[in-house]
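Asks: Can you read through this structure? Questions will come right after.
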Amino acid sequence: MSNPLHLAHFRPRLLDALKGYDRGHLSKDLAAGLTVGVVALPLAMAFAIASGLKPEAGLFTAIIAGFLISALGGSRVQIGGPAGAFIVIVYGIVERYGVGNLILATALSGLLLFFMGLFRLGTLVRFIPVAVVIGFTNGIAVLIGLSQIKDLLGLQIAKMPGDFFGIVDALWSQRHTVNPWAVGVALASLVILIGWPRGVLACSKRWPAIRLVPGSIVALVVATAVVGLSGLPVETIGSRFGGIPAALPAFTMPGFSWQAARELLMPVITLALLGAIESLLCARVADGMIGERHDPNQELMAQGVANFVTPFFGGMPATGTIARTVTNVKNGATSPIAGIVHALALLAVILVAAPLATAIPLATLAAILMHVAWNMGEWREFARLKTYRTPYRVTLVAVFLLTVIFDLTIAVEFGVFAACITFIYRISSLTRSECLSAADYTELADQRIQAWRMYGALFFGATQLVDQLQDRLPVHTLVLDLKNVIYVDSTGAEALENLLKACRRHGVRLIVSGLMRQPHDIATRTGLLSRFSECSPDDLQPDVAHAIRCAAAADLDSCPGQ
């Protein structure tokens, strides 16, 4: 059947990956999936707690969304689940609108993501400038780190504010409640997180299996054992949340109202755009590692399904996660089966080992998130700012500051707006015109003939070049060479039409040459082409040489405007 709307076909990459799938592939996927499940366990809980939710929300998301993204996605190796980029947005939604409206916002963002993929908008996400991406990524990293200072220091703050100044004020006002034991646990956890990779390198030759154990799990196990055995007075998952339920998530239907939907419009768009950016950037990183291209539209549809389903089972927004995807690839994953195994492994942990999670100290989870935030930011870009042009520097720094101080939505809106203005300015500066002389064509020795050649794009930001020609019209004939004009928009076409009208008012003949492809197409569609040639078919020429010879051969003593 034909596809008149050019909709994307729903075909998960899993179907192609299973062709020729054998026991060797399965063993690699099992090993990779189990390893990723171990990595995802502490991160999922930490992301949920930092977002103002219970730890099981992160685990349910890693299980349900992780399964759906792998089973339905457009990448062979991408791992989906809760991500640090969502922490700031989710915390703000929970604080302002409540958990019920978070469910609604996440589900609506899922619908938006699905339709973005269905209508083949997967490639459009790549048009967001890198300065904007780096700016808000670093801003989110700072906010994640700032939000973890409370548990890192063991401060007694009943409820953390959602805004930058509120967080800073709350931390400063409660600085006298620092818990030295929590600080010690957090610092010890950070030492393990930072030092573990070096220890693995030193011991990997003697014990190769040690490479499969991530530092976050080592820190989690050591800190939990020390706190549990010594009875240190630090806050744990059990003391704050009462533990994690050892059961499957139950279906939850939130109250729905159109008023709530209207209020959630911007949070929904922000969740969808951020989820799309994160997942597609992650998929591109994976492509570079495995030498295979993902299907961006299928990936967005899978993200949409996952985000629509997961919140109704106690989950939070999900997207592709770079750290877990890279771990998946490095451990030999060959297909989406590895991602499915990672989700099933986490499910087994909930059903079997959930009671053990009650003793996990929150200071250790804060340390893990601090480590994630540090690795998440692209801090070297700040040092390299001096090598870039001013618009790039201003955009990156402005988006970073707006993300940290105000709001991610405002930051992205400003960043995209600033990037658009910069792009328009640069393209308009590349559009130029030059006056041809007798040195180019001898016929131009006659001062009654004037020829101009234009370069670039004739769009709304560069029409002043055409407008200026009206102020310097020749006595008899104006030749306009558009062979090097690659694009003309409706404003550019209108400017050309105004030039034609001005020429006729002043009795000047206008000959246009070199209309190619898109400029020729818009001149035809707007009727401009017929107006150029309505006086004489010779007013349209294939190239400037023919146009100038035609102008010189005309009777220059007659008035072309009569």
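The values are calculated or read from the model by the stated rules, or taken from the named source; none is laboratory data. Computed from a prediction, not measured in an experiment: that's the story for all the values here. Cβ coordinates were reconstructed from backbone atoms using ideal geometry, including for glycine residues, and neighbour counts include every protein chain displayed. Areas reflect the complete protein model, heavy atoms only, side chains present, ligands, DNA and RNA absent. Shrake-Rupley method; radii C 1.70, N 1.55, O 1.52, S 1.80 Å.
Asks: First measure r as the distance between the Cβ atoms of residue 159 and residue 266, then evaluate 1/(1 + (r/R0)^6) with R0 = 25 Å and state the FRET efficiency to the nearest 0.05.
Replies: It comes to 0.60.
Asks: Note down the nm distance, to one decimal, between modelled labels 7 Å out along Cα→Cβ at residue 380 and at residue 251.
Replies: Placing both labels 7 Å beyond Cα along the Cβ direction yields 5.0 nm.
Asks: Subtract the Cα-Cα distance of residue 538 and residue 417 from 0.36 nm times their separation in residues, and report this length gain in nm to one decimal.
Replies: Gain on stretching residue 538 to residue 417: 39.2 nm.
Asks: Can you sort 489, 446, 169 by 1.4 Å-probe accessible area, starting with the largest?
Replies: The residues order as 169, 446, 489, largest area first.
Asks: Here's a follow-up. On a full-extension model of 0.36 nm per residue, what is the gain between residue 501 and residue 130, subtracting their alpha-carbon distance, rounded to one decimal in nm?
Replies: Extra length from residue 501 to residue 130 when fully extended: 129.2 nm.
Asks: 222 nm [θ] for the chain, helices only, -39500 (n - 2.57) per DSSP H run of 4+, per residue, to 500?
Replies: About -19000 deg cm²/dmol.
Asks: Expressed in nm to one decimal, what extension gain is obtained for the pair residue 7 and residue 173 from 0.36 nm per residue of sequence separation less their Cα-Cα distance?
Replies: So the chain would gain 54.3 nm between residue 7 and residue 173.
Asks: Report the relative contact order of the range 469-533, percent, no decimals, based on alpha-carbon pairs under 8 angstrom and at least 6 residues apart.
Replies: 45 percent
Asks: Still on this structure, please answer the following. Once you put a point 7 Å from the Cα of residue 290 and another 7 Å from the Cα of residue 389, both along the Cβ direction, what distance in nm separates them?
Replies: So the label points at residue 290 and residue 389 sit 3.8 nm apart.
Asks: Residues of the chain: accessible area per residue at 1.4 Å, in Å²?
Replies: 46 Å²
Asks: May I pose another question? If I compute solvent accessible area with a 1.4 Å probe over the protein chains, what percent of it on the chain is carbon and sulfur?
Replies: Result for the chain: 64 percent of the exposed heavy-atom area is carbon or sulfur.
Asks: Take residue 96, project a point 7 Å from its Cα along the Cβ direction, then tell me which residues of the range 401-424 have their backbone nitrogen under 16 Å from it.
Replies: 402-414
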